[in-house]
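Some notes on the structure that comes next.
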Amino acid sequence: MKKLPTVLLERKTHRKQSRILIKFKYNEVLIVLMRSLKNAFWSATLKCWCIEDTAENLNLIVVLLKNKAVINSEHLQKKNLYKRQLNEIQKTLLNNFFIYLRGKRYRKSTIDTYVFFVADFIAFHTKKDLNSLDSRSVEEYLEVVFIKRKYAISTQRQFISALKLFIVFYPETMINDLELARPKRSKKLPNVLAPEDIVTILQVTKNLKHRAIIALLYSSGLRVGEVTALELSHIDIGRNQLKVVSGKGRKDRFVVLAQTFLPLLNNYLITYKPHFYFIEGPNKKRYSESSIRKFLHNSVALAGIKKHVTPHTLRHSYATHLLENGVSLRHIQELLGHSKPETTMIYTHIAKKDLLEIQSPLDAILLSLNKNANREQKFLLSGN
């Protein structure tokens, strides 16, 4: 067998979890091997393959690549500069903070994220007394840890939100709530697929379950977590609607069930016979969100689409296409479950219905030249 490129293993926090990064020069054989690795996924942000950082997964990688490629794991051996060393008092405080957030009925993912950041902040200042921590302590943590780890602005906003709740829970610190300003969000426009791209993705997705999930994500504009949490009892075929229970912000809402989706839905239900959830994994439990991201990535590649596409891209596409088809922003806001109309307004910057009717000044100039030309040969931009 031809020698494969060296595989570099690193450890990094990604999507709020510790991951093993698997890096190598482009090689089709290694890509096939990575796709066979359970729970591994390609990260377009990190430009490499990732998997949860566990001893079991590390062993799987070693076994998979044994006698096939050289593994460079020296970066895995490096200890984290800010490895947490919490004392019993700090651990008890964080545990009580966890209970406090749970009592406030925050989602588990939000609780885990907030406790993670506060624990990291306390561990960074582990030699200081908790009561002596002030706003400057927060700045030091941001300047050193956040910059080193290259956290995004959205992550920094989450940290500030976590800290604001923590100082309400534990007001003995000297941190001034008024000085905890969240940085402004980056005003980036989301990727949106053309309607033809949606059709192509569905066509190349041969697995019935996968096709049903992709079709539902787009046709009803659901978040990936809403699809995995969707129960069969929430599907009302008679009224052509779905009930989204406890969506983001713990809000219920109804969304449209596309007529053209019904034959696919019926075929899926007859074939897979789910018991409780619309889609179910092993042992009839909730389906994995990471699995959806993984097979969607494969379908997008098969469709020849070069854009970075996630399940949320289908939701963005749904909203944009509704706007282009004349649906009002108010109705789109209701269907998406947005609390503020400003959140929905972003799609006015993406929708191309009216923008395409605007004539470029270059077109106007050339059209005027051609119209008024006193010669048979028209002026051509592509000519000499």
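The values are calculated or read from the model by the stated rules, or taken from the named source; none is laboratory data. The model shown is predicted, which means the values in this text are computed figures rather than measured ones. Using ideal geometry, Cβ is built from the backbone for each residue, glycine included, and neighbour counts are taken over all protein chains shown.
Annotations
- Put simply, of 12, 108 the only residue that is within 26 Å of residue 162 (Cα to Cα) and surrounded by 15 or more Cβ atoms within 10 Å (Cβ to Cβ) is 12.
- Inspection of segment 254-261 finds no residue satisfying the criterion of being over 18 Å from residue 234 (Cβ atoms), in contact with a Phe, Trp or Tyr (Cβ under 6 Å, 6 or more places away or on another chain) and either outside any helix (DSSP H, G or I) or modelled with pLDDT of 90 or more (or both).
- Whichever residue in segment 247-304 is farther than 16 Å from residue 41 by Cβ and acidic (Asp, Glu) and, among such residues, is surrounded by the most Cβ atoms within 10 Å (Cβ to Cβ): 280
- Residue count for segment 27-73 under the criterion of being assigned to a loop (DSSP other than H, G, I, E, B), surrounded by 14 or more Cβ atoms within 10 Å (Cβ to Cβ) and of a type in the set (Ser, Thr, Tyr): the result is 1.
- Any hit, segment 296-309, residues being within 16 Å of residue 210 (Cβ to Cβ), outside the structural domain of residue 41 (by TED's automatic domain parsing) and free of Cβ contacts under 8 Å to residues at least 24 places away in the same chain: yes
- Selected residue [over 15 Å from residue 222 (Cα atoms), in contact with a helix residue (DSSP H, G or I) (Cβ under 9 Å, 6 or more places away or on another chain) and not assigned by TED's automatic domain parsing to the domain that holds residue 36] from 292, 237: 237
- Any hit, segment 65-81, residues being modelled with pLDDT under 75, farther than 30 Å from residue 310 by Cβ, under 28 Å from the mean Cα position of the chain (by Cα) and not basic (Lys, Arg): yes
- Any hit, segment 263-281, residues being under 20 Å from residue 296 (Cβ atoms), in contact (Cβ under 8 Å) with a residue 24 or more places away in the chain, part of a strand (DSSP E or B) and not aliphatic (A, V, I, L, M): yes
- Restricted to helices (runs of 4 or more DSSP H) entirely inside segment 193-242, those with at least 1 residues that are at pLDDT 90 or above and closer than 20 Å to residue 286 by Cβ are 208-220, 224-229.
- The residues of segment 15-24 that are surrounded by fewer than 18 Cβ atoms within 10 Å (Cβ to Cβ) and either at pLDDT 90 or above or among the aliphatic types (A, V, I, L, M) (or both) amount to a single one, 23.
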